[in-house]
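The values are calculated or read from the model by the stated rules, or taken from the named source; none is laboratory data. It should be emphasised that the depicted structure is a prediction, and the values quoted were computed from it without experimental measurement. Here Cβ is always computed from backbone atoms with ideal geometry, including for glycine, and neighbour counts include all displayed protein chains. Surface areas here come from the heavy atoms of the whole protein model, side chains and all, with no ligands, DNA or RNA. Shrake-Rupley method; radii C 1.70, N 1.55, O 1.52, S 1.80 Å.
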Amino acid sequence: MNFEIPAFLPAVPEMFVLGMACFILILDAFLPDSRRDITYGLVQATLAGAAVLTLWLAGPEVVLTFSDSFIKDPMSDVLKLAVYVTSFFVFLYSRPYLMARDIHKGEFYILGLFAVLGMMIMISGHNLLTLYLGLELLSLSSYALVAFWRDNTRASEAAMKYFVLGALASGLLLYGMSMIYGMTGSLDIAVIASELTTADEALNVPLVFGLVFLVVAIAFKLGAVPFHMWVPDVYDGAPTAVTLFIATAPKIAAFAFLMRLLVEGMGPMHADWQGMLIILTVLSLAVGNVIAIAQTSIKRMFAYSTIAHVGFLFMGILAGTDSGYASAMFYVIVYALTAAGGFGMIVFLSRRGYEADRLDDFAGLAKRNPWFAFIMLLLLFSMAGVPPTVGFYAKLAVIQAAVGAGLVWLGVVAVIFSIIGAFYYLRVVKIMFFDEPKEEASEPVQPSGALATALSINGLAVLLLGIFPGLLLSVTHYAIAG
Amino acid sequence: MFADWPILSLLIWLPILGGFLTLAAGRDAPVVARRLGLSVAVATFVASLPLWFMFERGTAEMQFQEVASWIPAFNVNYHLGVDGISMPLILLTTLITVVVVIAAWESVKDRIAYYLAAMLVMEGLMIGMFAAMDAVLFYVFFEAMLIPMFLVIGIWGGPRRVYATIKFFLYTFLGSVFMLVALIWMYIQSGSFLIQDFHALQIGMTAQILIFLAFFLAFAVKIPMFPVHTWLPDAHVEAPTGGSVILAAIMLKIGGYGFLRFSLPITPDASAVLDTLMIVLSLIAVVYIGVVALIQSDMKKLIAYSSIAHMGFVTLGFFLAFYIYSNTGDWQGASLGIAGGMVQMISHGFISAAMFLAVGVLYDRLHSRQIADYGGVVNTMPWFAAFFVLFAMANTGLPGTSGFVGEFMVILAAFKADFWIAFLAATTLILAAGYTLWLVKRVIFGTVANENVAGLSDMNRREFFLMGLLAFFTLLLGVWPAPLLEVMNATIDNLVAHIAHSKL
């Protein structure tokens with residue numbers, strides 16, 4: 001067996017992030033608590049640097065390296081950039097939250113950076129093992145992040161729950177992967193796909209068996225019904241800054257994971273997994289939207305709304321067309337952007353000892369700070385899918401993909417549940433604009449400079465992308481079709 | 001001189017940007033906000049006048065077209081244009097917005113800049129919707145206008161405003177999302193979102209019926225038709241005066257416009273099959289809702305029900321076309337019904353606006369909408385009483401007012417279809433006279449009912465101007481409807497010729 005030195009160039013962003021993460025980890029150990037901003041600044045600079053490297057390497061060609069276990073293609077470029085941008089905003093929003101609670105520790109950013117590295121590997125994985133390793137790096141970092149505020153019992157409970165269920169899902173995933181490996185004899189995504197096209201009829205049953213476990217594991221990680229039970233508890237229990245993180249960027253990586261595994265690897269079995277995804281879609285839309293209505297905690301409400309959004313995401317993918325994948329990608333990026341803003345608003349309203357995570361904490365926001373009430377209004381209407389916000393085009397795109405695949409009824413189901421969904425978003429708008437502020441929180445609020453700017457940019461991006469959705473849609477089509 | 005100006009884009013974006021400017025400049029300065037808001041509204045109205053004067057009368061072609069690529073991935077274009085159906089509605093929108101802005105001058109005290117901004121943004125969105133030639137663009141404007149209206153009713157509305165505004169939003173959202181699925185389906189079939197391409201698309205009968213029902217949900221809720229009308233009385237009663245005026249004068253017309261732009265030309269065969277259903281629903285609106293209006297004790301609610309009844313005439317006129325054609329083969333009668341519906345829409349825009357303004361005038365003084373709280377207003381407010389009686393007469397369809405023209409045309413068309421339809425439609429003349437004149441009797445005439453009424457002061461110059469303006473258009477359209485008909489003629493003839501061809 002001869003050993004070739006692999007081409008390192010396509011993986012330079014990953015190596016850069018890894019190197020920086022190790023460096024910051026060591027540096028942080030020597031910094032006094034008052035100098036944590038150095039850690040923060042370096043982490044943000046790492047993200048910016050990774051973005052520059054990714055942009056520098058970006059191109060339409062598909063490059064495989066490390067014995068074909070690592071891929072760099074337009075999709076990986078675009079998704080990585082989306083991950084950097086989302087994480088950048090997330091860290092920016094988190095800082096004031098952590099500082100106000102005396103938990104502004106370097107671990108938060110370093111774990112976050114390792115999670116970003118895990119996402120990058122998930123996005124570029126071209127081998128069942130690489131994909132699995134990326135997922136585990138992300139998951140382990142996320143478990144630690146949820147537990148990171150160790151004095152908080154709810155967070156510890158959430159972390160425990162997250163860890164146990166996440167480990168279970170990883171086990172299922174490995175089991176499914178082993179079935180696929182057993183039937184096809186390869187871990188390489190491309191080889192699996194080509195083996196599947198020529199697979200013996202007799203192998204069909206064990207293959208579907210393995211596929212079921214893959215789909216279940218993916219549904220677990222994304223939080224699709226009926227594998228969603230951890231989502232509300234973890235989102236609600238984790239410190240808002242951490243919820244902000246796990247609710248946004250990892251979804252982008254999970255989308256890539258799904259694309260690599262199901263579409264690129266198991267593509268020839270589209271007919272089999274399409275049916276499974278349809279069931280997950282309908283259940284997620286129904287359960288997510290209906291149960292969200294009953295929530296009084298805005299974090300739990302967003303958790304259920306995420307579940308519903310996962311349903312829409314699946315809708316784009318199950319269509320099985322390039323246009324459908326591009327729509328789903330558009331959806332997930334838009335979702336991450338909107339969710340970041342939504343959780344960012346909770347951070348903005350919270351203070352030490354006051355989490356602002358109940359719906360009525362938003363009461364009368366229009367009187368306390370009209371501008372940010374308007375920003376929140378844009379974010380909420382985007383989640384509800386009302387034009388002219390970008391959320392509408394995301395829904396339009398995935399519904400179009402489903403209708404194009406001949407699933408008109410699924411499109412109808414989706415719009416029915418989006419009406420139900422509109423109600424609970426509207427209720428928040430109602431609370432902000434029509435209700436009077438609560439007595440204990442009626443004074444005007446003004447976020448700190450960086451948070452204010454970032455939230456405004458985030459909210460306006462939702463509007464501007466809605467007025468000019470063509471560019472981002474073209475980018476996602478380019479990412480999928482090359 | 002203006003022919004190659006992007007007039008339509010100007011009409012859309014001037015009020016939207018002007019609205020945000022009003023908000024930014026006038027947030028803490030109500031005087032600035034009022035002046036700026038009025039300037040923007042008047043400027044938009046003036047900018048819309050070239051549409052009327054430079055409109056080419058004899059053609060059904062889309063005019064003042066603008067095209068720019070918008071979402072290339074879905075072949076969606078920023079494509080604007082107007083024809084004889086949409087142009088008068090745009091002018092109505094710009095005119096009514098001026099009225100609404102002036103009407104808010106003193107009566108809106110809380111956060112006036114936000115109120116005016118919402119109204120101006122809404123104006124731009126409504127014009128965009130009337131001018132859109134691309135289905136996605138249409139849908140975006142169609143939905144986006146829910147947001148400002150939601151806020152207007154919810155912030156400045158009456159005591160039950162939250163219930164009313166959420167009901168309003170969810171009802172209209174419910175209607176429109178099914179239309180979205182239908183639009184996407186047609187895009188998949190035709191590869192384009194251009195509405196004209198949808199018109200040309202051959203569609204099978206089952207699909208046509210499903211598409212028709214999807215459009216029906218969207219537009220019937222907007223118009224609103226029986227039995228999906230229940231949001232309207234709630235929304236109207238709770239909305240501030242300006243919100244009611246915009247709702248009645250323009251938003252309801254969107255439903256009628258949608259039928260003409262989408263349902264009839266895209267699904268002519270389904271429309272022909274389901275015309276009986278539509279006619280029956282329209283007649284229920286005319287007769288049953290008319291009776292319901294009789295027993296209302298709240299003035300705004302009474303006018304809201306009267307609006308539903310009048311809009312029933314609009315849908316009746318539209319769908320009689322198919323009935324007449326299949327029974328007599330006479331397309332002349334068919335276009336009479338559609339033209340009648342259109343005239344009725346424009347006329348109702350003026351009359352309902354005036355009626356709601358009149359209630360607003362009383363409400364500003366006594367803070368009550370209950371009929372029982374008034375009586376003998378003519379003794380203290382003679383000028384107001386004169387206008388009120390005029391608009392009440394117009395509402396009942398008195399010859400010489402615009403209310404007469406549309407109703408007369410529709411009833412005439414109904415006679416060509418079937419005597420009994422005409423008979424039932426004509427009962428509106430009695431019912432409308434019943435509820436409107438009874439309202440006049442209880443509110444305006446009689447002896448002064450209580451000391452509140454005794455202390456009323458007559459309209460000020462601002463209110464007088466508004467009433468006078470609307471009275472002018474009501475009478476002008478009543479005695480000389482020819483210019484309006486001339487503008488619409490070619491488009492309606494073209495539409496009628498189009499729907500005569502089966503798409504099967």
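On a per residue basis, the stretch A:7-479 carries 32 Å² of accessible surface, using protein heavy atoms and a 1.4 Å probe.
Charge dipole (Cα centre; +1 on Lys/Arg Cβ, -1 on Asp/Glu Cβ; no other charges) of the stretch A:7-479 amounts to roughly 980 debye. Hey, can you list the residues from the stretch A:397-418 whose accessible area shrinks by 20 Å² or more with all protein chains present, relative to the chain by itself (probe 1.4 Å, no ligands or nucleic acids)? For the stretch A:397-418, once contacts with the other chains are taken into account, A:ILE399, A:GLN400, A:VAL403, A:GLY404, A:VAL408, A:VAL412, A:VAL415 lose 20 Å² or more. Between the stretch B:11-72 and the stretch B:443-476, the alpha-carbon centres lie 31 Å apart.
Here the stretch A:136-279 has 66 percent of its accessible surface on carbon and sulfur atoms, given a 1.4 Å probe and all protein chains in place. Amide H contacts under 5 Å for A:ARG358: A:ILE298, restricted to partners 5 or more places along the chain or on a different chain, H placed in the peptide plane at 1.01 Å from N. Taking the accessible area of the stretch B:235-325, probe 1.4 Å, and keeping the other protein chains in place, the carbon and sulfur fraction comes to 69%.
In Å² (nearest 100), what accessible area is buried between B and A, both sides summed, heavy protein atoms only, 1.4 Å probe?
For B against A, buried area totals roughly 3300 Å².
Comparing the full protein assembly with the isolated chain (1.4 Å probe, heavy atoms, ligands and nucleic acids excluded), the residues of the stretch B:152-176 losing at least 10 square angstrom of accessible area are B:GLY154, B:ILE155, B:ARG161, B:VAL162, B:ILE166, B:PHE169, B:LEU170, B:PHE173, B:LEU174. Using a probe of 1.4 angstrom and keeping all protein chains present, the accessible surface of chain B works out to 32 square angstrom per residue. Other residues whose C-beta falls under 13 angstrom from the C-beta of A:LEU129 contribute a net charge of -2, scoring Lys and Arg +1 and Asp and Glu -1. Using alpha carbons only, how many degrees (0 to 90, rounded to 10) separate the axis of helix A:74-100 from the longest principal axis of chain A? Taking Cα atoms only, the helix is inclined about 30 degrees. Spread over its residues, the convex hull of the C-alpha atoms of the stretch B:1-155 is 112 Å³ per residue. Can you tell me, using C-alpha contacts under 8 Å and at least 6 residues apart, the relative contact order of chain B as a whole percent? Over chain B, the number comes to 16 percent. Measuring r between the beta carbons of A:ALA48 and A:GLU4 and using R0 = 30 Å, the FRET efficiency lands at 0.35. Pairs from the list B:LYS167/B:LYS300; A:LYS438/B:LYS301; A:LYS72/A:LYS105 with a Cα-Cα gap above 23 Å: A:LYS438/B:LYS301; A:LYS72/A:LYS105. Residues of the stretch A:423-466 with accessible area at least 30 Å² lower in the all-protein-chain context than alone (1.4 Å probe)? Correct list: A:PHE423, A:LEU426, A:LYS430, A:PHE433, A:PHE434.
Look at the alpha carbon pairs under 8 Å that are at least 6 residues apart: their mean separation over the length of the stretch A:7-479 gives a relative contact order of 15 percent.
I'd like the carbon and sulfur percentage of the solvent accessible area for the stretch B:1-155, probe radius 1.4 Å, heavy atoms only, ligands and nucleic acids excluded. Numbers along the way, then the final one.
Working: 3330 of 5050 Å².
Taking all protein chains in place, the stretch B:1-155 shows 66 percent carbon and sulfur surface.
What does the charge count around A:LEU359 come to, taking other residues whose C-beta lies under 14 Å from its C-beta (Lys +1, Arg +1, Asp -1, Glu -1)? Within the 14 Å Cβ shell, the charges total 0. Summing Lys and Arg as +1 and Asp and Glu as -1 over all other residues whose Cβ lies under 12 Å from the Cβ of B:PRO30 gives a net charge of +2.
Pairs of alpha carbons in the protein assembly as shown separated by more than 51 Å make up 26% of all such pairs.
With a threshold of 29 Å on the Cα-Cα distance, the over-threshold entries among A:LYS80/A:LYS395; A:LYS161/A:LYS430; A:LYS299/B:LYS222; A:LYS80/A:LYS430 are A:LYS161/A:LYS430; A:LYS299/B:LYS222; A:LYS80/A:LYS430. For the stretch A:109-199, the equivalent ellipsoid built from the Cα gyration tensor has semi-axes of 32, 15, 6 Å, listed from largest to smallest.
Of all stretches in chain A that contain no chymotrypsin sites (Phe, Trp or Tyr not before Pro) in a DSSP loop with at most 12 other Cβ atoms within 10 Å, the longest one is A:31-482. By how many degrees, between 0 and 90 and to the nearest 10, does the Cα long axis of helix A:370-384 differ from the longest principal axis of chain A? In chain A, helix A:370-384 runs at an angle near 30 degrees to the longest axis.
Restricting the calculation to Cα atoms, the stretch A:195-281 shows an Rg/Rh of 1.08 when the hydrodynamic-style radius is the Kirkwood one.
Only protein heavy atoms count here; under a 1.4 Å probe, A:ARG351 has an accessible surface of about 100 Å². Within the assembled protein chains, the solvent-accessible surface assigned to A:GLU136 is about 40 Å², based on a 1.4 Å probe.
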